[in-house]
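Structure first, then comments.
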Amino acid sequence: MKKLPIGVEFFREFKTDDFYYVDKTGFIEELLKTRGSVNLFTRPRRFGKSLNMNMLQSFFEIGADASLFEGLAIERQKELCSQYMGKYPVISISLKDVAGGDFETAYDSLGMLISEEAERFHFLMESERLTGTQKDKFVKLMEGNFTKAAFLHGSLKLLTRLVCKHYGKPVIVLIDEYDVPLDKAYQDGYYTQMVNLIRSLFGQTLKTNPNLYFAVITGCLRIGKESIFTGLNNFKVRTISDADCAAYFGFTDQEVREMLRYYGVEERFADLKEWYDGYRFGNVEVYCPWDVINQCDKLRIKADLPMESHWANSSSNAIIQDIIEEASETTKAEIEVLISGERVEKRLIPELTYTDLDNQDVGIRETYLWSVLFAAGYLTDAAEPVGELHRLVIPNREVRGIYETKLRSWFKKRVTGHATEWKALCVALQSGDAAAVQSYMNAFMAGSISIRDTCLRKGMKENFYHGMLLGLLGAQESWVVRSNAETGDGYTDIQIVVPARNTGCIIEVKYAENGTFDAACREALRQIAEREYAAALQREGMKVIYQYGIACYKKSCRVVCVMV
């Protein structure tokens, strides 16, 4: 069995280290057919941008190893391979690590990066085509001698000129994660300085540069052209809404099926589709490859493992927190619609600058936030957009979990902010006072976001309320609160131990379809009794055990309690 390529970004490793490869080499052909002088591809993180960039380098760069492409789609394009494979010098940099707590540190980081790329061409020092003066400048590039800002600003342009003169051929320039330095600069307070640096670096390298054959740039966000791409002609942008090259970032249904079949776990296809599919790029529906690869790696060891969040856990998801913390009542209602599996219609802004996020107009600011959520993969198109009007949905179960987690955090903060009422709720719960628990819960839920009675499965609706209640009760530090604890013949939703009172609580949460509260409460208590959920607490020596059935529907609940 081939190894699964978790975190592999170097194309050659698929052949040399025998990793499983989902063939995306058709990207090379489509790029050549549709390219401009400068080509920007924007996709969310973890969708294969860096690997595709390294694939381009492996294909075009002089001295390319043709064996890396044996058996792949591009190899069948004999004429194209004869014309392009291994025929061009390539300069390739990734800006993902250009960062620092201040501009000076980030400046030095960028300088070091360009210096390291220059060192790959150290043989230029022996080139008979370069003059002594040019070699002196090249030494400065390799040494990273960028004390004069103008030299760093023109460094990539200089490197293209020297490389082109040596080979007698124009250069292909690949710039990966171009927007990362801008994001980090925005967070650390030197955004304007970084914009000026990147604008000058890109402008000199990409605009009217006779030594440039073409350039490919990737990033998550489409930063405003007038911000850093001023004056570029023949500048082609392929965002997640464009059909060009749509299938080459992310996995298709067929590709996921083939991978699961190869590892003998094809029966889990429906689960992967629910959790990781749902992104619409152009007219193609794709899965997040990072999720599929990581989960398949787990399933090939044990096929019945539950699905996990992988993409969601590889970032802080801070932008979601921004929306929750500062959301208007209208936005809260729209989030409720999204979590319920419905869609919202929004006019999105195709080009962004980070300073737009600081706009004092709430309406304008939220428009930018929705646009960022879409570009970053937290929302996707339900259908083809009409101009700037997008019909947005949450793509899959994993991403929905991000929203739900943040909403629970917001709910917990709101509830515990009403300390008197929250403490009274805790007292009622540990005393078996179902009427009081119901009263306080309804008061809290009236101002919260609920799951609407729409297309989501009943189990997913119950999970939402379960998580909300768990976050609320988990704030009581003197209690032991367990989720999905194994008790008796199954797993109870929430189990509570109150050590100071030698009291335990069993809580089973049910979704009351169409407001059938009484029936849902009875079902919850029946399940607690039949599966003997109280047994574990009895073994722990709890003197009093309260069994709660809580039925939730939209922003209301009903609570019943039976004491053991």
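The values are calculated or read from the model by the stated rules, or taken from the named source; none is laboratory data. Small disclaimer: the values here were computed from a predicted structure and weren't measured. A quick note on method: Cβ atoms are made from the backbone with ideal geometry, for glycine too, and the neighbour counts reach across all protein chains shown. Ligands, DNA and RNA are stripped out before the accessible areas are found, and what is left, the full protein with its side chains, is counted by its heavy atoms. Shrake-Rupley method; radii C 1.70, N 1.55, O 1.52, S 1.80 Å.
Brief remarks follow.
- Sorted largest first, extent of the chain alpha carbons per principal axis (Å): 92, 53, 45
- When each of Lys412/Lys554; Lys165/Lys236; Lys3/Lys298; Lys458/Lys555; Lys346/Lys412 is checked by Cα-Cα distance, pairs over 23 Å: Lys165/Lys236; Lys346/Lys412
- Accessible surface ranking for Thr131, Thr218, 1.4 angstrom probe, highest first: Thr131, Thr218.
- Listed values for region 362-377 are Karplus-derived 3J(HN,Hα) couplings in whole Hz (6.51 cos²θ - 1.76 cosθ + 1.60, θ = phi - 60°), namely 4, x, 5, 4, 5, 4, 5, 5, 4, 5, 5, 4, 5, 5, 8, x, and x replaces Gly and Pro.
- Radius, Kirkwood style, for region 7-155 when every pair of distinct Cα atoms is counted (Å): 17.7 Å
- Compared with the direct C-alpha span, the chain from Glu384 to Glu30 gains 125.3 nm at full extension, assuming 0.36 nm per residue.
- ³J(HN,Hα), Karplus 6.51/-1.76/1.60, whole Hz, each residue of region 96-111, x for Gly, Pro: 5, 9, 7, 7, x, x, 9, 5, 4, 5, 5, 4, 5, 5, 5, x
- Across region 159-191, the residues whose backbone nitrogen lies under 18 Å from the label position 7 Å along the beta-carbon direction of Ser109 are 175-191.
- Modelled spin-label separation between Arg526 and Glu128, with each label point placed 7 Å from Cα along the Cα-to-Cβ direction: 9.2 nm.
- Additional length obtainable on full extension of the chain from Ala149 to Asp253, 0.36 nm per residue less Cα span: 32.6 nm
- Label point 7 Å beyond Cα of Glu326 along Cβ direction - residues of region 352-389 with amide nitrogen under 14 Å: 353-373
- Share of Cα-Cα pairs in region 381-469 lying beyond 19 Å, as whole percent: 53 percent
- Placed amide H near Lys510: partners under 5 Å, 5+ positions off or other chain: Ile550, Ala551, Cys552
- For Tyr368, solvent-accessible area (1.4 Å; no DNA, RNA or ligand), Å²: 40 Å²
- Look at the dipole of region 406-481 built from charges on Cβ: of His466, Ala419, Ile449, the Cα furthest out on the positive end belongs to Ile449.
- Backbone HN-Hα couplings from phi across region 414-428 [Karplus 6.51/-1.76/1.60, Hz, Gly and Pro as x]: 5, 5, 5, x, 9, 4, 4, 5, 5, 5, 5, 4, 4, 5, 5
- For the pair region 434-477 and region 115-192, the centres of their Cα atoms are 56 angstrom apart.
- When restricted to Cα atoms, region 1-70 yields an Rg and a Dmax of 12.7, 41 Å, respectively.
- Glu79-Ser315 FRET efficiency (beta carbon distance; Förster radius 51 Å; 0.05 resolution): 0.75
- Site pair Glu70 and Glu342 shows an inter-label distance of 5.8 nm when each label is modelled 7 Å from Cα along Cα→Cβ.
- Summing Cβ point charges (Lys, Arg +1; Asp, Glu -1) relative to the Cα centre of the chain gives a dipole of roughly 300 debye.
- Per-residue extension of 0.36 nm, minus the Cα-Cα distance of His418 and Arg300, leaves a gain of 37.7 nm for this segment.
- Phe41 long-range amide H proximity, modeled H, under 5 Å: Ile217, Thr218, Gly219, Arg238
- The spacing between region 33-92 and region 527-555, judged by their C-alpha centroids, is 60 Å.
- Relative contact order, percent, the chain [alpha-carbon distance under 8 Å, six or more residues apart]: 11 percent
- Relative contact order (percent, whole number), region 453-564, Cα cutoff 8 Å, 6+ residue spacing: 24 percent
- Cross-link reach list, lysines versus Lys184, counting only Cα pairs under 18 Å and skipping chain neighbours closer than eight places: Lys96
- Placing unit charges on the Cβ atoms of the charged side chains and taking the dipole of the chain about its Cα centre, the candidate lying farthest along the positive direction among Val284, Thr192, Ala524 is Thr192.
- Each of the peptides 257-263, 100-106 was scored by the mean count of other Cβ atoms within 10 Å over its residues; in descending order, highest first, they stand as 257-263, 100-106.
- For region 22-93, the dipole from Cβ point charges (+1 on Lys and Arg, -1 on Asp and Glu) about the Cα centre works out to 420 debye, to the nearest 20.
- Largest first and in whole Å, the equivalent-ellipsoid semi-axes of region 86-195 read 28, 15, 10, each the square root of five times a Cα gyration tensor eigenvalue.
- Farthest positive-ward along region 1-117 dipole, Cα basis, beta-carbon charges - from Tyr107, Leu95, Ser58: Ser58
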